[in-house]
Each structure stands twice: as structure tokens, then as C-alpha cells.
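Right, one structure below, let's go through it.
The values are calculated or read from the model by the stated rules, or taken from the named source; none is laboratory data. No experiment lies behind these values; they were computed from the predicted model shown. When we count neighbours, we look across all protein chains shown, and the Cβ atoms used for this are built from the backbone with ideal geometry, even at glycine.
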Amino acid sequence: MEFPTADPDTQIEVNLMILDYLLCITIDLVLCHGAAKSEGQQSHNWDLSWNLNTIDTIRAVLLHPDLFSQDIHIKIHVLEFAQLFCDGHVLLEQSGAPAVELSQGNYRSSEGAESIGTDTRRRLSPLHRPHQDKESHITNCWTAASNRSYNLLDKFVRLCLVSNNKLPEGHTDIATELIKQAALNEYCTMGTQPRDGYSECAHRVIGRLRETLEHGSNQLSTEYLSYVRLPIDLPPDVWKMPRDNGISRAVHCFLTDLMKMLDPPILIQLERGKLGGLSREETQKLRDKVGL
């Protein structure tokens, strides 16, 4: 007995709609939870494992990256960055859903940064080894923090590159703050900390980032980095500054504004009763036709 199957093109369109929908609701959960935690409000601890596993499955098994629109590519990068950022700033307390690498295919791995083309799932945390002496333990913690902050910077700049003409204001300020944090963390891994060591670390971070991006990107990376202000001097009160330093709010506003510039998923448009390019009456007729 033969079972009816959908046309392959129809299957692809349906998978794209489901992927788009899952990306948006997962991003919304991450951002809402992160904003609540950063403001000291009560929030739910959602387990996003199912969302993330389903997104990975749809992308890796059912779809080819070339089929994704720019909006979907942007949303994938938004989710990657938001997860890692919230996780690193203790804003996301998931039960069994560590930060993941989602992007694949179009973005090749390169030396100097964790691959964006892998489905590796792990949460970087300070190394706890009871038999290590205190100094070695602190160095290892700063090394882990340095790797994490560089990875976060790398993901943010890649998000900005793929967003290109849809970037809201404030992205260069955020990039500068992330460079500062990466440089400071690398500075703290040095055995001795000369005053000019911070400047060297800042140049090393931006140089490493430039090499990583140019490995698989076009001239957009060079153009983008030319707009970022490179921090040179170590702030005199750096050790008294709060770790967050207002960046959580800036990142949340940036990501929220960026998502507003993207088209909402078709499934959400149907829920709202109006598809783009159609009137509400036409949308309702379409809903009736497909049985929604």
C-alpha cells in the first residue's frame, strides 16, 4: 500500500517554516529569561534542550544551508550568541541545556576560534582541580575566561557580518566592550602584568579576530573592524568596575531591535491573522483553505 507523500518542494517549505518558528520562540525565551535575571526579577528556568535538538535535527538532516534566507541565517547567529552571552553572564540557568554551536555549512572552522560549524554542546566553566595549587588554579580560570570571552567576541562579529544592512545602532560599542573584556582576560593570564601589557593584549585580540574572520569571509570583516574603536589603555579603575558594566542591557536591546527588523515566521503571522502582503480577509481565507 502506498502512502501519499508531499511534494519535495512543499516539504522543504514546511521544514523552513518550522525551523523559523522554533528559532524565534527559542530566542524569545533566552532573551526574556536573560533580561529578567539581569534585572533581578523572578524568572522560569526553561529547559531548552528539546528546542535546540529539534533545530539541529532540522538543519542537519532535512535542510541544506543554501536554502536559508538571510533572516534565518541571522536568527541562527542571534541564538548562538544570545545563548553563550547569557550563559557566560549567569543569566540563563538551564537544566541540562548548555550553550551550543548551531551554525554549520556556510561557516567553516578556523584556527584561533571555536568552530561555528559544529554541533558541539558544552558549557565552559572554571576548572576545579582540588590538588592544584591556588596560583595554578587561578591561572586556569582566567585562561578559560579568556577563551570564552574571545569566542563570544568572535560570534558577535560574525552575527554583525551576516546581519550586514540590518544592523541596529550600538553594535560597534558592544564590539568594543567585548574586545576590552577579551583583552582584560588575556591580560590576567600573564604572570606579570606590566602596564603596557593590556595594550599588547588588545592588539593581539583584534589581530587574531581579523585573521580568523578573513580565513572564511570577504572584505566585509575588514570593513566592519575598521569601525570598531580599539581599546589601548588599561582603565585605571578596571578592578573596581562591575563585571557586567551595563553590557547585558545593551546586548539585550541590540538583539531585541535586530529581531524586530526581521520578518516574523509565517506560522506566527498566521497566528496573528495577517500574512505579509495579504489582507486579514485574504489571510483568513487561506487559513480556512488549509484547515487552520
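Among the listed residues L209, L213, L262, L225, identify the single one that is closer than 24 Å to N165 by Cα, in a helix (DSSP H, G or I) and modelled with pLDDT of 80 or more. Give the steps one after another, and end with the answer.
Working: L213 fails: modelled with pLDDT of 80 or more; L262 fails: in a helix (DSSP H, G or I); L225 fails: modelled with pLDDT of 80 or more.
After ruling out the rest, the residue left standing is L209.
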What's the number of the condition D173 fails, among (1) modelled with pLDDT under 85; (2) assigned to a helix (DSSP H, G or I); (3) charged (D, E, K, R)? (1)
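What do you reckon, is L92 crowded, with 18+ Cβ neighbours inside 10 Å, at pLDDT below 55 and under 25 Å from Q11 (Cβ atoms)?
When the stated conditions are applied, L92 does not pass them.
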